[in-house]
1. With respect to the numbered conditions (1) away from the ligand (no atom under 16 Å from the Cβ); (2) at pLDDT below 90; (3) surrounded by fewer than 19 Cβ atoms within 10 Å (Cβ to Cβ), which one is the sole condition not fulfilled by A160?
2. Just need a number here: residues in the stretch 271-283 that are more than 13 Å from M235 (Cα to Cα) and of a type in the set (D, E, K, R).
3. Among the residues in the stretch 326-333, are any in contact with a Ser or Thr (Cβ under 9 Å, 6 or more places away or on another chain) and part of a loop (DSSP other than H, G, I, E, B)?
4. Please tell me if E236 is touching a residue at least 24 places away in the same chain (Cβ under 8 Å), among the acidic types (D, E) and within 16 Å of the ligand (Cβ to nearest atom).
5. Restrict the check to the stretch 204-227 and report whether at least one residue is free of Cβ contacts under 8 Å to residues at least 12 places away in the same chain, more than 10 Å from the ligand (Cβ to nearest atom) and closer than 22 Å to V167 by Cα.
6. Quick check on my filter: what residues within the stretch 342-376 are part of a loop (DSSP other than H, G, I, E, B) and within 19 Å of S75 (Cβ to Cβ)?
7. With the requirement that a residue be crowded, with 17+ Cβ neighbours inside 10 Å and under 20 Å from the mean Cα position of the chain (by Cα), what does the stretch 30-58 give you?
Amino acid sequence: MIPTIRTSELKRALNCGASIVLRPKVRSRQGDDGHEGAMLHYLIARRAIDELGAEGPEELAAPDVPAGYRLPAFSMWIVGWAIRHIRETVPDDWTLMVEVGLAYRYERWIQSGHIDLLAISPDGKSVIIIDWKTGRKIVDPASENEQGNGYLALVKRAWAEIQNAMVQIVQFYADEEAGFDRVSTVVVGPEIVNGVVSALDNRMGAQLDRQDELHTGPWCDYCIGPSCPALRAEMEELESMKMTLTPEALAATGPEPDDLTLSKFVEIGRRLATPIDDAIAMAKDRIKRNGSLPCADGGSYVLRPHGGQYSLKDGVQPYTYYRRAKDLLESEERFSTTVKISMSRLIDEIAEERGINKGGAAPVTAKGVVDATLKPLLDQAVNEWLVKI
Ligand code: SF4
């Protein structure tokens, strides 16, 4: 049987041939957006159909979430933001589709995918593809995103006349604090679009030839985590160890680690971060079921509850909270330290309230209003991304 690879899994399948055979053997874990992500995708699609006339699946069903589940109040802005973004991004006369399920059988594999939003120009030659990311973990921008490229391949297969494409990855929780753009965009013309299907097939063919090769890397996120033989081997090497401090080791220890040691720590840390997060989440689930989790040294892990972050109760406006909090403090200066500044959110809300675009070339935009009114009061920090070249 030839493998079916979801477009969301392309990054790891195109980098680790063994994952193609290992992934189906291991139970999937929920992504970091879980029920909230499923509900947000549904609500955006529902409103796009109802308010923007988008075409959608015949019966767009609400996601299967536990009885009584309610979308957190602080996430509701995302739905309105997405609808406004569609209005600003997709020309009125284009055909708009949401939740577009596509699949294509290549000679050696099947690609399946579910596109959140697809728009096609009236002449059928241009498309806009948007992928909504509702998780808090930052993903690759559109220019490097295998998922966006994979969706383009599926669209090109289904609509052969397509020549131009704009692919957007929209990460709702990315803002100036995250240091990443909420919307990243890549625009490609016929030279890429016409070759996208064969290029993807060739790259996948190379990995299908290497299904016995494990290759760890950033693509290990959301793969099989602690079940992976290569990651397990890596962890075993990292296990706490006792060793003799030799004169050579002592002499080689300076005030700072050398460059290569430092970069190796960064690489291992990045590679193992998500599998370790997965293992911790899995361990908590198991302890809830079994009471404890045994360790090799005879100890065991248990869960100990303690107070976490506060959030506003359903129906309570942040403004009510801030007004009452202010009443408790004489000093404006002291009160100011409790207020969080989010320019992205302010721009979103101004755009929504005044019915203007968030940014872009329009004469009046929410960003323009904020820049003119508030920017003189603010300094913006510079985020430094650690990027491997
Ligand atoms: S976790 Fe990484 S190395 Fe292991 S199978 Fe998945 S992609 Fe390959």
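The values are calculated or read from the model by the stated rules, or taken from the named source; none is laboratory data. If you're wondering where the values come from, they're calculated on a predicted model, not measured in any experiment. Glycine gets a Cβ as well: all are built from the backbone with ideal geometry, and neighbour counts include every protein chain shown.
1. For A160, the failing item is (2).
2. Of the residues in that region, 2 qualify.
3. Checking the stretch 326-333: at least one residue is in contact with a Ser or Thr (Cβ under 9 Å, 6 or more places away or on another chain) and part of a loop (DSSP other than H, G, I, E, B).
4. Values: touching a residue at least 24 places away in the same chain (Cβ under 8 Å): no; among the acidic types (D, E): yes; within 16 Å of the ligand (Cβ to nearest atom): yes.
Answer is no for this residue.
5. No, the stretch 204-227 has no match at all.
6. Going through the stretch 342-376, the residues part of a loop (DSSP other than H, G, I, E, B) turn out to be 342, 355-356, 358-364, 374.
If the condition is that a residue be part of a loop (DSSP other than H, G, I, E, B) and within 19 Å of S75 (Cβ to Cβ), then S342, K358 are the ones that fit.
7. The first filter runs over the stretch 30-58 and keeps only residues crowded, with 17+ Cβ neighbours inside 10 Å, leaving 32-33, 36-49, 54.
Listed by number, the residues that qualify are D32, D33, E36, G37, A38, M39, L40, H41, Y42, L43, I44, A45.
Quick grid of which residues meet (1) farther than 28 Å from D278 by Cα; (2) within 16 Å of the ligand (Cβ to nearest atom):
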residue: T4; (1), (2): no, no
residue: N15; (1), (2): no, yes
residue: R46; (1), (2): yes, no
residue: A54; (1), (2): yes, no
residue: A61; (1), (2): yes, no
